[in-house]
Amino acid sequence: YYGAIKACENQFPSKTSNNNSLLLACTNGVGTQALKEHLGNFELLQTICLYASTKQQQNTCFEDAMQFQIMATNEDYSKSEKCDTLSEANSNGQFKAICERHAKLP
């Protein structure tokens, strides 16, 4: 997954807004594919998304994959401990906050 994230960054250097949009879409695709292959493994997703170079890439990578997870499984994460498995130290709590926000969605 590291290689895929870096390939996105090499293919779409974010010097233009169009390239930035393509970079985010490519990065999000890597995160979503990883979660498809490892449903419910938010710790792995966190590690993969942290490979991205910018906070914007990291956050959208995690958020898009999280939305996929909720749609694919129709699970209610509001009472789940999955968000608690995310390391706040590695991401300053950014992924845990995204997870908890989505956990409360209907």
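The values are calculated or read from the model by the stated rules, or taken from the named source; none is laboratory data. The shown structure was predicted, so the numbers you read here are calculated from the model rather than taken from an experiment. So basically every Cβ, Gly included, is an ideal-geometry build from the backbone, and we count neighbours across all protein chains shown. Side chains included, ligands, DNA and RNA excluded: accessible areas come from the protein's heavy atoms. Shrake-Rupley method; radii C 1.70, N 1.55, O 1.52, S 1.80 Å.
Structure notes:
- Of all residues in the range 44-64, those satisfying the criterion of being buried (at least 24 other Cβ atoms within 10 Å of the Cβ) and among the aliphatic types (A, V, I, L, M) are LEU45, ILE48, ALA52.
- Sub-7 Å Cβ pairs linking a first residue in the range 63-75 that is closer than 17 Å to GLU43 by Cα to a second residue that is modelled with pLDDT under 80 and not in a helix (DSSP H, G or I), at least 6 apart or interchain, are ILE70/LEU105, ordered by first then second residue.
- Residue check, ALA89 at pLDDT 80 or above, part of a helix (DSSP H, G or I), among the small types (Gly, Ala, Ser) and exposed (fewer than 15 other Cβ atoms within 10 Å of the Cβ): no
- When the range 92-106 is filtered for residues that are in contact with a helix residue (DSSP H, G or I) (Cβ under 8 Å, 6 or more places away or on another chain) and either assigned to a helix (DSSP H, G or I) or at pLDDT 80 or above (or both), the ones remaining, listed by number, are GLN94, PHE95, LYS96, ILE98, CYS99, GLU100, HIS102, ALA103.
- Under the condition of being assigned to a helix (DSSP H, G or I) and buried (at least 16 other Cβ atoms within 10 Å of the Cβ), the residues counted in the range 1-21 number 5.
- For the range 31-46, filtering for residues that are of a type in the set (S, T, N, Q) and within 9 Å of the chain's Cα centre (by Cα) leaves 2.
- Within the set ALA72, ALA65, ALA25, the sole residue that is in a helix (DSSP H, G or I), out of contact with any strand residue (DSSP E or B) (no Cβ under 9 Å at 6 or more places or on another chain) and closer than 13 Å to HIS102 by Cα turns out to be ALA65.
- Enumeration of residues in the range 22-43 that are of a type in the set (A, V, I, L, M, F, W, C) and open to solvent by 40 Å² or more (accessible area, probe 1.4 Å): LEU22, ALA25, CYS26, LEU39
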